[in-house]
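Enquirer: What follows is a single structure, and I will ask about it in a moment.
The values are calculated or read from the model by the stated rules, or taken from the named source; none is laboratory data. Computed from a predicted model, the values in this text were never measured in an experiment. A quick note on method: Cβ atoms are made from the backbone with ideal geometry, for glycine too, and the neighbour counts reach across all protein chains shown. Calculation scope for accessible area: heavy atoms of the full protein, side chains included, ligands and nucleic acids excluded. Shrake-Rupley method; radii C 1.70, N 1.55, O 1.52, S 1.80 Å.
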Amino acid sequence: MPIAWWLLLIAVYLNRLYLPSLWFDEGWSWHLARMPIPEMLRATAADRSPFLYYLFLHFWIRIAGESEFALRWPSVAFGLLAAALAGRIAARGWGRPAGILTMLAMGLSPFWLYYVQEARMYAMLAAGTLAAFEGMEAILQKPTPLRFLIWTLLAAGTILTHYYGLFPAAAMAIGLGVGNAHRPAARRRWAASMLGLLLLVGPWLIFARERFARPEDFLRPPATLSGILSALAHGFWPGEGTWLPAAILALAALLRWNAFARRWAALTLGTLALTIATLVTVFPQFALFHPRYGIFLWALWVIGIGGGAARLGELLGARIPGLPRRAGGWIGVLFLLPLGAMLLGPWQTWWADPGRGRDPYREAVAHVARQIRPGEAALALRANWAVLYYWNRMGISAPLLMGPASPVWEEEAVRTWLEDARRRYGPPDRPWRLWLFGWQQDVVDPLGLFDGLLLENGFEVGGQPFGSLWVAYYETWPPFHGRSLTPRRADFEGKIELRGVHLRRPRWPGDLLGVTLAWARVGPVPRSPRMFVHVLDSAGHLVAQRDGPLPNDLVPISSWPPDHAFPVFTRVILPRDLHGFYRIRVGLYDPVSGARWPVRVDGSIGDGVEVGTLEIP
C-alpha cells in the first residue's frame with residue numbers, strides 16, 4: 001500500500017479530532033472506562049453493548065489521559081486497521097486496484113468518518129468483523145489449528161464488542177462449517193472452534209441474561225424489513241439516492257464470479273439476512289436498531305464497491321487498444337466518480353462543521369459555569385455523563401445532579417427527589433435556583449413531571465439550545481408540593497379517557513400556561529392519537545395552541561397499562577398581549593387524517609372538551 005495513501009487517511013481521520021465536544025454517548029464511554037472493572041462489568045451487563053471496548057478504553061486512558069483526543073484515538077486506530085483489512089480483502093478478490101479503490105471509498109463516506117472519530121465501539125466492531133473475515137479466508141486456504149484458534153478469538157472479540165457482532169460471527173461460522181464439511185480433520189477443528197466460541201462468549205451472555213429478558217424501557221417503531229433496509233441504505237449513504245450507485249458497484253463486483261466473490265456475497269447477504277430476521281422476529285422490542293449497529297454491513301458493502309469499480313475498469317480497459325491489462329483496474333476510479341459526486345455535499349458539510357455533527361456540550365457547560373452562583377445546582381435530565389465530563393474539567397464547584405436513567409412515571413417520586421436535592425444543596429430560607437441540562441428528557445420523563453413540578457413551584461428564568469441539548473434555568477420556591485388534579489371525565493371512543501386536569505396559570509404577561517391532563521387507556525388503541533390544547537377567546541377565536549403526541553413517540557399511550565391514569569404535562573406559550581377571559585379546550589385527533597376523535601362528556605358528544613378558563617387582567 002503506497003505510503004501516500006496512509007498519510008492521507010491518517011490526516012483525514014485525525015483532522016480536528018480534539019475539537020468537537022464529547023456528546024452523550026461518548027460521555028457514557030468515558031464514564032464506564034473510569035469505573036473499577038467489577039463495577040464496569042455489572043454496568044455493561046445491563047447496557048446495550050458488552051464490555052470489551054470499555055475494558056480496552058479503561059486501560060488506554062490510564063496511559064494516554066482523558067482528553068477528547070485521547071478518548072477518540074482508539075477509534076482512529078481501529079478505523080485505520082479496518083481500512084487496511086478492507087483494502088487487503090478487496091485486493092484478494094479483485095486485484096490491487098480494488099484495494100486502493102476500497103480505501104478511497106471509505107474516505108469518501110461521511111458515515112464512516114463520523115464513527116472513526118467517535119469514542120465509541122463502532123470502528124472496533126468493523127475492524128473485528130473484517131479481521132475475522134480475513135481469518136476465515138485463511139482457514140479456507142489451510143485449516144490449521146492455529147488459524148482456527150485465531151478466528152475463534154477474533155469472532156468472540158467481535159461479539160463482546162457489540163451484540164450485533166453475533167450476526168457476522170454466526171454467518172462466518174456457518175460458512176466455515178460448510179467450507180470444511182468434506183475435510184474430516186478440519187470438521188473436527190471447526191467443532192472445537194464452535195465449542196471454544198461458546199465457552200468464550202457464553203459466560204458473559206449468562207451474566208448479562210437479564211438484559212435479554214426484558215424489553216426496552218421505551219418503545220421504538222416496530223422493526224420491519226422495509227424499515228431496516230431503508231435505514232441502512234440512507235444511514236450508510238447520506239443524500240438522495242446515494243445508495244443506488246453504491247449498490248450497483250457492489251453488484252458489479254460479482255461480474256468476476258470467482259470463489260472469493262461468491263464467499264463475499266454469501267457472507268454479506270447472509271449477515272444481512274440474519275440481522276433482519278433476528279430483529280423482525282426474535283427481538284422486535286428487546287433490541288434497538290440504528291445503522292451504526294450494523295457498521296460491519298457497511299464495511300462488507302464497501303469492499304464490494306471497491307471490487308466492482310475495479311472490475312468495471314478492467315472490462316472498460318479491455319476495450320481500449322494498447323492499454324496494458326494491469327492498468328484496466330485503475331480505470332475503475334472513473335466508476336467511483338458518480339458515488340463521490342453524490343457524497344460530495346454531505347462530505348463537505350462534515351468537513352466544514354467544527355462540531356462534526358455533535359452537540360456543543362463544552363459550550364453549554366461553559367455557559368452555565370459563567371453564570372451559576374453559590375447555593376445553586378444543576379440537573380442533567382436524563383443522566384448525562386458528557387455534561388459531567390466538562391463539569392469536572394472546568395472545575396465547577398456547584399453540584400451537578402444526575403437525573404434518572406430509566407423512565408419515571410410517578411409524580412411523588414419526582415417531587416421527593418427534587419425536595420431532597422433542595423434540602424441537601426439549596427438555601428433553607430430563600431428561593432432555590434436550578435439549572436437543567438435536557439437531552440432526550442422525554443426518554444426518562446415521558447410525562448413531563450420534572451418540568452411540570454418545577455414550573456408549579458416556580459418559573460423558568462430562561463433557556464437556550466445548544467444543538468439538541470437544552471439548557472434551562474429555573475427559580476423555585478420551597479418546599480416542593482405536588483399538583484392536585486380536578487376531576488374531569490371525558491370518554492374518547494371508549495379507548496381513552498380524560499380523568500383529571502390541573503392548570504398552572506401564567507403569573508405575568510408572557511408567562512406560559514401549564515396544562516396537566518390525566519389520561520388513561522381503557523381499550524385497545526391501534527394507532528396512538530395526537531393531542532391538542534387550544535386557548536380560545538370569548539368569540540371562539542384561537543389565540544394559542546399546543547399539538548403533539550400523547551405523551552411522546554417513545555412511550556405512546558397505546559403501550560400504557562390499561563385503566564391507569566397518568567398525568568401528562570404540556571406547556572402552552574401565550575402571547576404577551578393577552579388580556580381578558582379565555583377558555584381552554586383539549587381533544588384528540590388522528591395523526592394521519594387529522595380527523596378529531598369524538599368525545600362524550602356528560603351524555604353529549606363533541607370533538608373536544610373544555611377543561612378550564614383563564615382570566616388575564
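Enquirer: Give me the Kirkwood hydrodynamic radius of the range 14-135 in Å, from all C-alpha pairs, to one decimal place? Spell out each step's value before the answer.
Expert: Details: mean 1/r = 0.0656 Å⁻¹.
When all Cα pairs of the range 14-135 are included, the Kirkwood radius is 15.2 Å.
Enquirer: Sticking with this one: Would you mind putting 126-132, 407-413 in packing order, based on average other-beta-carbon counts within 10 Å, highest first?
Expert: Working: 126-132: 28.1, 407-413: 14.9.
Result, highest mean Cβ count within 10 Å first: 126-132, 407-413.
Enquirer: Report, in whole Å, the centroid distance computed from the Cα atoms of the range 569-617 and the range 506-543.
Expert: Answer, in whole Å: 5.
Enquirer: Can I ask one more? Could you tell me which helices of the chain pass both thresholds, a Cα extent of 15 Å or more along their own axis and a mean Kyte-Doolittle hydropathy of at least 1.6, with helices taken as whole DSSP H runs? Intermediate values should be presented prior to the final figure.
Expert: Numbers: long enough: 3-14 (16 Å, 2.41); 24-34 (16 Å, -0.85); 52-64 (18 Å, 1.28); 68-94 (39 Å, 0.80); 96-108 (19 Å, 1.21); 122-141 (29 Å, 1.00); 145-161 (24 Å, 1.46); 166-179 (19 Å, 1.81); 184-207 (35 Å, 0.97); 225-236 (16 Å, 1.39); 259-277 (26 Å, 1.10); 295-317 (33 Å, 1.42); 333-352 (26 Å, 1.22); 361-371 (16 Å, -0.61); 411-425 (21 Å, -1.55).
Membrane-span-like by this rule: 3-14, 166-179.
Enquirer: Taking R0 as 35 Å, what FRET efficiency do you get between residue 59 and residue 412 from their Cβ-Cβ distance, rounded to the nearest 0.05? If you can, show how the numbers build up before the last one.
Expert: Details: r = 44 Å, r/R0 = 1.25.
The formula returns an efficiency of 0.20 here.
Enquirer: Collect residues whose amide H, placed 1.01 Å from N in the peptide plane, falls under 5 Å from the amide H of residue 550; neighbours closer than 5 in sequence don't count.
Expert: So residue 550 has HN proximity to 531, 557.
Enquirer: Continuing with this model, one more query. Could you work out the mean projected area of the convex hull around the alpha carbons of the range 58-109, in square nanometres to one decimal?
Expert: On the way: hull surface 17.4 nm².
With the hull built on Cα positions only, its mean projection is 4.3 nm².
Enquirer: Can you figure out the FRET efficiency of residue 425 with residue 225, using R₀ = 51 Å and their beta-carbon distance, to the nearest 0.05?
Expert: On the way: r = 51 Å, r/R0 = 1.00.
Efficiency, rounded to the nearest 0.05: 0.50.
Enquirer: Beyond 17 Å, what percent of the Cα pairs of the range 336-425 remain?
Expert: Numbers: 2540 of 4005 pairs.
Taking all Cα-Cα pairs of the range 336-425, the fraction more than 17 Å apart is 63 percent.
Enquirer: By accessible area of protein heavy atoms, probe 1.4 Å, what ranking do 382, 356, 576, 256 get, highest first?
Expert: So the residues, ranked largest to smallest area, are 576, 256, 382, 356.
Enquirer: Further, regarding this structure: Can you tell me which of 500-506, 196-202 comes out highest on packing, and rank the rest after it, using the mean Cβ neighbours within 10 Å? Please report the intermediate quantities before stating the final value.
Expert: Details: 500-506: 18.4, 196-202: 15.6.
Result, highest mean Cβ count within 10 Å first: 500-506, 196-202.
Enquirer: Expressed as a rounded percentage, what relative contact order does the range 294-386 have, with Cα pairs under 8 Å and six or more residues apart? Let's see the in-between values first.
Expert: Values: 46 pairs, mean separation 16.8, N = 93.
The normalised contact order for the range 294-386 reaches 18 percent.
Enquirer: How many nm is it between the label spots at residue 138 and residue 318, if each spot is 7 Å from the Cα in line with the beta carbon?
Expert: For the pair residue 138/residue 318, the computed spacing is 3.4 nm.
Enquirer: Now for a separate question. Counting only protein heavy atoms, what percent of the accessible surface of the chain is carbon or sulfur at a 1.4 Å probe?
Expert: Numbers: 16420 of 26320 Å².
Carbon and sulfur: 62 percent of the exposed surface of the chain.
Enquirer: Residues with amide H under 5 Å of residue 500's amide H, sequence separation 5 or more or different chain, H placed in the peptide plane at 1.01 Å from N; which?
Expert: Hits under the 5 Å cutoff: 488, 518.
Enquirer: With Rg and the Kirkwood Rh both taken from Cα atoms, where does Rg over Rh land for the range 80-190? The partial results should precede the final answer.
Expert: Working: Rg = 14.9 Å, Rh = 14.8 Å.
Rg divided by Rh gives 1.01.
Enquirer: Over the range 562-617, calculate the relative contact order: mean separation of alpha carbon pairs under 8 Å at least 6 apart, over the residue count, as a percent.
Expert: Numbers: 59 pairs, mean separation 21.0, N = 56.
Rounded, it is 37 percent for the range 562-617.
Enquirer: Could you bin all the Cα-Cα distances of the range 1-72 into 5 Å bins starting at 0 and give me the percent of pairs in each, rounded to whole numbers?
Expert: Per 5 Å bin, starting at 0, the Cα pair percentages come out as 3, 15, 22, 18, 16, 11, 8, 4, 2.
Enquirer: Oh, and also: Over the range 1-104, what relative contact order in percent results from Cα pairs under 8 Å that are six or more residues apart?
Expert: Values: 63 pairs, mean separation 24.8, N = 104.
After rounding, I find 24 percent.
Enquirer: Can you compute the FRET efficiency between residue 530 and residue 352 using 1/(1 + (r/R0)^6), with r the Cβ-Cβ distance and R0 = 45 Å? Round to the nearest 0.05.
Expert: After rounding to 0.05, the efficiency reads 0.75.
Enquirer: Once the cut-off is 19 Å, how many percent of the Cα-Cα pairs in the range 517-601 end up in the long-distance tail?
Expert: Details: 1564 of 3570 pairs.
Result: 44 percent of Cα pairs exceed 19 Å.
Enquirer: Rounded to the nearest Å, what's the spacing between the alpha carbon centres of the range 225-296 and the range 349-407? Just the number, please.
Expert: 36 Å
Enquirer: Report, as a whole number in µm² per second, the diffusion coefficient that Stokes-Einstein gives for the range 101-250 at 20 °C and 1.002 mPa s using the Kirkwood radius over alpha carbon pairs. Before the final figure, lay out the partial values.
Expert: Numbers: Rh = 17.7 Å.
So the translational diffusion coefficient is about 121 µm²/s.
Enquirer: Compare the peptides 512-521, 172-181, 95-104 by average per-residue count of other Cβ atoms within 10 angstrom and give them in order, highest first.
Expert: On the way: 512-521: 22.0, 172-181: 17.9, 95-104: 24.8.
Per-residue Cβ counts within 10 Å, averaged per peptide and sorted highest first, yield 95-104, 512-521, 172-181.
Enquirer: Here is a follow-up. How much mean residue ellipticity at 222 nm does the chain get from its helices, if each DSSP H run of length 4 or more adds -39500 (n - 2.57) and you divide by all residues, to the nearest 500 deg cm²/dmol?
Expert: -16000 deg cm²/dmol, from helical runs alone.
Enquirer: Suppose every K and R has +1 on its Cβ and every D and E has -1 on its Cβ; what is the size of the dipole of the chain about the Cα centre, in Debye to the nearest 20? Provide the component values of the computation, followed by the final result.
Expert: Working: 59 positive and 44 negative charges, 511 e Å.
Charge dipole of the chain: 2460 debye, to the nearest 20.
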